[in-house]
Amino acid sequence: MKTLSIELLFFFCVNLVWAQDLENIDITVDMRTTEVSELSVYLQNAQYLKAIEYINRQEPTKDLLYQKAICYRFLNDFSKAGEILESLSETYPDDIPIRLQLALCYESTLLFEKSVDCYTQLIELDSANAYFRVRKADLLYRVEKFEEALSEYLKTDSTYNSNYMIRSIAMCYDKLNRAELAMGCYAEAWEINAKDAYSALSLVKIHIKKGEYIPAWQNSEAFIQMDSTNLQMRVLNAFILYNMEEYDEAANRFLKCRAQGDSSVLVNRTIGNIYYIQEKDSLALPYLSQAYLQDTTNLNVLYSLANVNYRLKLYSGALSCYKKLSDRITATDNLHFLVLKGQGMAFEGEEKYVEALDAYNAAARKTPYAVDKMDVYYRIANMCENGTKDSNSAIFYYEQYRVSLSNYQIALKDEKEIQEIEEKIEALLKHIQQLKNERDRREENPIKEVIRVYPTNNNNH
C-alpha cells in the first residue's frame, strides 16, 4: 500500500514533466523552421519512433537530443534515454530539466541510489524546490533508508501537501518502530483528510499490534461510518472484535466481508478459529481447511484443523494433520507434547492401540509438567482398561496417574483444590483395588471367568 501510493505520485509527477516538455516545444514552434513543426506533430501524436527518425536526420543539438531522450522514455527504453541524458548532464551540469529527467530515468531502471544523487544535485541547484526534496525522501524510503528519508521529509516546506508529508513522516516513524510518534502523525494526516484510508488503517493496525483494542475499535468504527465500502477496515474491525472475544459479532462481520469478496487467509482463518473456540467443529472445518491451503506454513491453523478432525471423529484426517505437524516442529517445541498426545488420541479412535500407546508414552516423556503427565497417564490407563482389556497395564498406568496427581497436589496452595485432589486420589485407589481384585479372581478361576463372560445357552441343547 505504501509503495503503491509513492509509485502513483511518481507516475503523476513524471507525466507532468513530460507534458511540460511538450508544451515547451509548442511555444518554440513558431520561432523555428517549418521542419521543427513536423517534430512537434510527431510528439503531439505520440509518434515517437518517427520523431526519433526525424531527429536522427538533423544536426544534433542540445534541445533535439533532449527531446530524443524524452521519446525513448515514452517508449520505455530507459537505457537509451539514460545514455543520452548522462551525456547531456556532463556537458550541461546546471541544466535542471536534463538532470530531473535523468533522475526519473534512473528510477525507472531501479537505480535508486543514482536517482537520489541526481535529486541531491537538483536540491543544490534549487534549494527552494520542495518537490526535489520530497522525491529524494520518497526514494530513500523506497531503499529502506528510513532515517535519511525522515530527515528529508522534516526539512521540506510545511506548505507542500501537508497530508502527504505528515503521512510520509508517519510511515518513517512506523518503520523505525517509533510507534507513538507514528500514531500521532497518522492521526494528524487522517484529520487533515478524512478519506485518507492508508493513515486510518495504519493507525488502527498499530493499536492492534500494541493490544489496544478499544481505541482500535473506536477508530475503525469512525472510519467505517464515513466509508462503509472499505473492506480492509471492515476486516480489521471484525478482527478487533475477535480479539475482544466478541466472537458472535466478529464472525457475523467476517462473514459479511467474505460475502463481499474478501476470502483472504485472515478472514478464513479467523472465522475457522471462532468456530473452533466455540466447538462448532462442522462449521470450523471448511474455513480452517481453506486457510491452511492458503498458508501451509501456519502451524496454529494446522493444529486447530487436526483437533477439529479428531473431534468430528475424522481420525485419518486428524492423523494426517498431526503427522505434518510432527514433521515440521523441533524436538524442543512446546507444541510437540500436544501433537504427540493428539496422535495418541487419533490412533486410539481408530483402535490402533499399539500406535496409540507409543504416541502417549512419547508425549509423557516430552513434558516436564505433572498436569500434562496426569492427562496422558489417565488416557493410557482408560484405554488399557476399556480398549485393550489389559488389566495389568491399566493398573500400572493408573498408578502412574496417581503419582502424577500426588506431585500436582504438592504444588497446590488452595485448600479447596487440595481437597479435590485428595478425593480424586481416594477414588482412584478404590478403582485400582477393584481392578486388582477382578484380575486376581480371573487368575484364580480362569475357567469360571470364561463361563461367566460367555454363558452357555441351555436352550440350544
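Things worth noting here:
- The number of residues in segment 222-251 being surrounded by 14 or more Cβ atoms within 10 Å (Cβ to Cβ) and not aliphatic (A, V, I, L, M) comes to 10.
- Put simply, of Tyr369, Tyr287, Tyr377, Tyr292 the only residue that is within 30 Å of Leu412 (Cβ to Cβ) and in contact with a helix residue (DSSP H, G or I) (Cβ under 7 Å, 6 or more places away or on another chain) is Tyr377.
- Listed by first and then second residue, the pairs with beta-carbon distance under 8 Å, at least 6 apart or on different chains, first residue in segment 425-440 and over 16 Å from Met374 (Cβ atoms) and touching a residue at least 12 places away in the same chain (Cβ under 8 Å), second in a helix (DSSP H, G or I) and among the aromatic types (Phe, Trp, Tyr), are Leu435/Tyr398.
- Condition met for Ala128 (free of Cβ contacts under 8 Å to residues at least 40 places away in the same chain and under 24 Å from Lys210 (Cβ atoms)): no
- Scanning segment 179-201 for residues that are surrounded by fewer than 16 Cβ atoms within 10 Å (Cβ to Cβ) and not hydrophobic (A, V, I, L, M, F, W, C) yields a count of 3.
- Subset of segment 239-261 (residues that are assigned to a loop (DSSP other than H, G, I, E, B) and under 19 Å from Val204 (Cα atoms)): Met244, Glu245, Glu246
- Candidates Ile169, Ile224: the one that is farther than 25 Å from Asn243 by Cα and modelled with pLDDT of 95 or more is Ile169.
- Lys373 being of a type in the set (D, E, K, R) and either surrounded by fewer than 21 Cβ atoms within 10 Å (Cβ to Cβ) or outside any helix (DSSP H, G or I) (or both): no
Matching residues to (1) among the charged types (D, E, K, R); (2) within 21 Å of the chain's Cα centre (by Cα); (3) modelled with pLDDT under 95:
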{"residue": "Leu140", "(1), (2), (3)": "no, no, no"}
{"residue": "Lys145", "(1), (2), (3)": "yes, no, no"}
{"residue": "Glu148", "(1), (2), (3)": "yes, no, no"}
{"residue": "Asp157", "(1), (2), (3)": "yes, no, yes"}
{"residue": "Leu176", "(1), (2), (3)": "no, yes, no"}
{"residue": "Glu180", "(1), (2), (3)": "yes, no, no"}
{"residue": "Cys185", "(1), (2), (3)": "no, no, no"}
{"residue": "Trp190", "(1), (2), (3)": "no, no, no"}
{"residue": "Ser202", "(1), (2), (3)": "no, yes, no"}
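- Annotation: Tyr54 fulfils all but one of (1) more than 46 Å from the chain's Cα centre (by Cα); (2) assigned to a loop (DSSP other than H, G, I, E, B); the unmet one is (2).
- Out of Ala411, Ala331, sole residue that is among the aliphatic types (A, V, I, L, M) and either surrounded by 20 or more Cβ atoms within 10 Å (Cβ to Cβ) or free of Cβ contacts under 8 Å to residues at least 40 places away in the same chain (or both): Ala331
- If you go through segment 113-164 and keep only what is of a type in the set (S, T, N, Q) and under 23 Å from Leu102 (Cβ atoms), you end up with Ser115, Thr120, Gln121, Ser127, Asn129, Thr156.
- Applying the set (1) under 24 Å from Gln433 (Cβ atoms); (2) part of a helix (DSSP H, G or I) to Thr388 leaves exactly one unmet item: (2).
- Residue list for segment 163-200, restricted to those being of a type in the set (Ser, Thr, Tyr) and either over 24 Å from Gln225 (Cα atoms) or outside any helix (DSSP H, G or I) (or both): Ser168, Tyr173
- Which numbered condition Ile25 misses (of (1) under 25 Å from Ala103 (Cβ atoms); (2) modelled with pLDDT of 55 or more; (3) not aromatic (Phe, Trp, Tyr)): (2)
- Criterion (buried (at least 21 other Cβ atoms within 10 Å of the Cβ) and in the same structural domain as Ala411 (by TED's automatic domain parsing)) met by exactly one of Ala359, Ala381: Ala381
Here's the yes/no breakdown for (1) under 27 Å from Tyr48 (Cβ atoms); (2) touching a residue at least 60 places away in the same chain (Cβ under 8 Å); (3) part of a helix (DSSP H, G or I):
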site: Ser87; (1), (2), (3): yes, no, yes
site: Glu90; (1), (2), (3): yes, no, yes
site: Glu107; (1), (2), (3): yes, yes, yes
site: Glu124; (1), (2), (3): no, no, yes
site: Tyr141; (1), (2), (3): no, yes, yes
site: Glu148; (1), (2), (3): no, no, yes
site: Ser151; (1), (2), (3): no, no, yes
site: Leu154; (1), (2), (3): no, no, yes
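The values are calculated or read from the model by the stated rules, or taken from the named source; none is laboratory data. Note that the structure is a prediction, hence the values are computed from the model and not measured. Note that each Cβ is placed from the backbone with ideal geometry, even for glycine, and that neighbours are counted across all protein chains shown.
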